[in-house]
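The values are calculated or read from the model by the stated rules, or taken from the named source; none is laboratory data. From a predicted model like this one, the values you see are computed outputs, not experimental measurements. Glycine gets a Cβ as well: all are built from the backbone with ideal geometry, and neighbour counts include every protein chain shown.
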Amino acid sequence: MPSENLCFNPPGHDTPVPVYSHISSVPISSTHNLVSFAGQIGRDSSNQVPKTLGAQVSIALANVDKCLDAANATKDDIVQVRQYIVNLLHDRDGATDVPDPERVKLYAEWMGGRKPPSTVLGVQSLALKEYLYEIEVVCVVKRTT
């Protein structure tokens, strides 16, 4: 079994800073790879970042889709998700048990009924002040060769 760790960026995605790649894939058996995605944010391919959480969530999930495609993975391959939300419990309507119902709705629709383990973390800030949301995904993907 090859032990090569492949790091790469999906086509059509922004180019990250030179110190990391969007995707890492490493063999974990003779038939499967562990595939990890760097945190995907709500910045589109023209480097625009919308001001609302919902719009950023939508773009970040589309960026995860680009990573899934590049890794020959599907949402069925996702085994773990981490979501980071700036000021999760601040500036939200306290009338609901879910502090961010729009994100929950968008994420649930995107997952299409799949429910991998997921951690949601409220954070003070992300890499740049305009970022409100970031999502990390880990997959186990069957090898194609």
Of the listed residues (Val120, Val49), the one being surrounded by fewer than 18 Cβ atoms within 10 Å (Cβ to Cβ), in contact with a Gly (Cβ under 9 Å, 6 or more places away or on another chain) and more than 20 Å from Asn5 (Cβ to Cβ) is Val49
Residue set Asn47, Asn63, Asn72; condition at positive phi and without any contact (Cβ under 8 Å) to a residue 60 or more places away in the chain; output residue Asn47
Reported set for region 8-27 where residues are in a loop (DSSP other than H, G, I, E, B) and either among the polar types (S, T, N, Q) or modelled with pLDDT of 95 or more (or both) is Asn9, Thr15, Ser21
Restricted to region 112-145 and to residues being of a type in the set (Gly, Ala, Ser) and over 22 Å from Ala62 (Cβ atoms), the residue modelled with the lowest pLDDT is Gly122
Inside region 31-84, the number of residues satisfying the requirement of being in contact with a Phe, Trp or Tyr (Cβ under 8 Å, 6 or more places away or on another chain), closer than 16 Å to Ser118 by Cα, of a type in the set (A, V, I, L, M) and not in a helix (DSSP H, G or I) is 1
